[in-house]
Amino acid sequence: MGNLFEKGTIALVTGGSSGIGQACAIDLAKNGAYVIINYSGHKEGAQETLDAVLKAGGAGAIIRANVGVEEDVNNMFKKIMANFKKLDILVNNAGIIRDGYLLMMKKEAFDQVINVNLGGCFMCTQAAVRIMAGQKKGAIVNISSTSGITGSEGQANYSASKAGIIGFTKTVAKEYASRNIRVNVVAPGFIDTKMTRANKELLEGKYLQHIPMGRFGQPEDIAHAVTYLASDLASYVTGKVLTVDGGMTM
């Protein structure tokens, strides 16, 4: 089977310096896309992602922008248009956590998470749709979470941001389907990343029993779902939530 993406396909992955974002960038590149890897503060990680893309026979570049800052987002998309004149795929993956129980959570922590996770998704999607509407084609995949579907203790801010992404996605999908722009969500469950590995024993003790498949997922499990939704294999799929969680939320 050949590449899923035709030559010249340009993809942007936000938060591409580690974990799920890194896996998405590599998988898109393996399937023929030229991948622009966004990072905010972890340039070394973004370079590692690019090195992995090149090693896999793909092509790409890195670009710095804090997706929670409007000026950064605007400048990032200006650079993309100046260099590539188009954008075919956007993966909104960048996100942060500032966990805490409701009565202990400061408003600043709530606002930070909403601003980056949901606000960043809004600003990047808006900028991408401006480009894609002119092309009359594009695919956007937003990374939510099972926390946005079921809620999660200690994550009022994170769960709210990820639930917001789902409602936002469905709205944009309805608004721009006529322009041949598809917008979908991948909602990961517990994925084996550096972030979860730091609390692996605690998380396994608390959540593993609720996962029918009996294991945490790998970043590549999410990447494969993203690549599918970004490709023409999913040409009749829009406004949908693909939950990749080992059966935890069924």
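Here is how the numbers come out for the structure above:
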read-out: Other-chain or far-sequence residues with amide H under 5 Å of residue 62's (modelled H); value: 37
read-out: Contact order normalised by residue count of the chain, Cα under 8 Å, 6+ apart, percent; value: 19 percent
read-out: Heavy-atom surface of the chain, accessible at 1.4 Å and reported per residue (Å²); value: 49 Å²
read-out: DSSP-assigned coil residues among trypsin sites (Lys or Arg not before Pro) in the stretch 111-154, each with at most 15 further Cβ atoms within 10 Å; value: 136, 137
read-out: Flagged links, alpha-carbon separation over 25 Å, of 107/206; 43/174; 79/162; 43/136; 55/194; 43/79; value: 107/206; 43/174; 79/162; 43/136
read-out: Furthest towards positive pole of dipole, 59, 23, 46, structure part the stretch 1-155, Cβ charges; value: 59
read-out: Kyte-Doolittle at least -0.5, axis length at least 27 Å by Cα - qualifying DSSP helices, the chain; value: 156-176
read-out: Antiparallel DSSP beta bridges within the chain, as percent of all bridges there, nearest 5; value: 0 percent
read-out: Accessible-area composition of the stretch 58-146, carbon plus sulfur, in percent [1.4 Å probe]; value: 56 percent
read-out: Measure of compaction for the chain (Cα Rg per 2.2 N^0.38 Å); value: 0.95
read-out: Estimated [θ] at 222 nm from DSSP helical runs (n ≥ 4, -39500 (n - 2.57)) normalised by residues in the chain, nearest 500; value: -13500 deg cm²/dmol
read-out: Sites excluded, GluC sites (Glu not before Pro) in DSSP loops with at most 13 other C-beta within 10 Å, longest stretch of the chain; value: 7-152
read-out: Low-density loop positions, chymotrypsin sites (Phe, Trp or Tyr not before Pro), the stretch 1-106 - DSSP coil, at most 14 other Cβ in 10 Å; value: 101
read-out: Rounded if a/c under 1.5, otherwise prolate or oblate - the stretch 28-98, Cα gyration tensor axes; value: oblate
read-out: Value of relative contact order over the stretch 145-250, rounded to a whole percent, pairs C-alpha under 8 Å and six or more apart; value: 35 percent
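The values are calculated or read from the model by the stated rules, or taken from the named source; none is laboratory data. Just so it is clear, the structure is predicted and the values come from calculations on it, not from any experiment. Note that we place each Cβ from the backbone using ideal geometry, even for glycine, and neighbour counts take in every protein chain shown. Remember, those area values only see protein heavy atoms, side chains included, never the ligands or the DNA or RNA. Shrake-Rupley method; radii C 1.70, N 1.55, O 1.52, S 1.80 Å.
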